[in-house]
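Remarks on the structure that follows.
No value in this document is a laboratory result; all are computed from the given coordinates. Everything quoted here is computed from the prediction, not taken from an experiment. Here the Cβ positions follow ideal geometry from the backbone for every residue, glycine too, while neighbour counts run over all protein chains shown.
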Amino acid sequence: MDFLHSAMNQHVKGKHLSFEERVIIQTRLKDGCSIRAIARELGCSASKISYEVRRGTVSLYHGKQKRYKADQGQSVYQINRCHCGRKSAFLKTAGRLTFVPTVV
């Protein structure tokens, strides 16, 4: 058992991946581990790891090589997280509202 695995908490099913877990994914992929082995280590499904690898993969060397980067995966996750959730009814009608000056 290495330091990263022993120092962090176990992954809870149904929860989002943390940045530390994304770093583990990046290092294990660099070491040549399979997606299923990484999923077993983190305690989540292989499809979750597969989606994360697809989300965080960047093109290097003018598109000749593709590699997973943990910081790219985290930034895409945060952008997508901003767009989720219920939208306010006020925000839907805000475009139709116009400013009416009051007379003093």
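Work through the residues other than SER59 whose Cβ is under 11 Å from its Cβ and net out their charges, Lys, Arg +1 and Asp, Glu -1.
On the way: positive: LYS64, LYS66, ARG67, LYS69; negative: none.
Summing Lys/Arg as +1 and Asp/Glu as -1 gives +4.
In nm, what is the difference between 0.36 nm times the number of residues separating SER50 and CYS84 and their Cα-Cα distance?
Values: separation 34, 0.36 × 34 = 12.24 nm, distance 2.09 nm.
So the extension gain works out to 10.1 nm.
Within 13 Å, Cβ to Cβ, of TYR68, how many net charges do the neighbouring residues add up to if Lys/Arg are +1 and Asp/Glu are -1?
Numbers: positive: ARG22, ARG28, LYS30, ARG54, ARG55, LYS66, ARG67, LYS69; negative: GLU21, ASP31, GLU52, ASP71.
Around TYR68, the surrounding residues sum to +4.
For the pair ASP71 and ARG40, how long in nm is the line joining their label points, each one 7 Å along Cα→Cβ?
So the two model labels end up 3.2 nm from each other.
Order of 78-87, 26-35, 58-67 by packing, highest average Cβ count within 10 Å first? Walk me through the intermediate numbers first.
Working: 78-87: 7.9, 26-35: 14.5, 58-67: 9.6.
Descending mean neighbour count gives 26-35, 58-67, 78-87.
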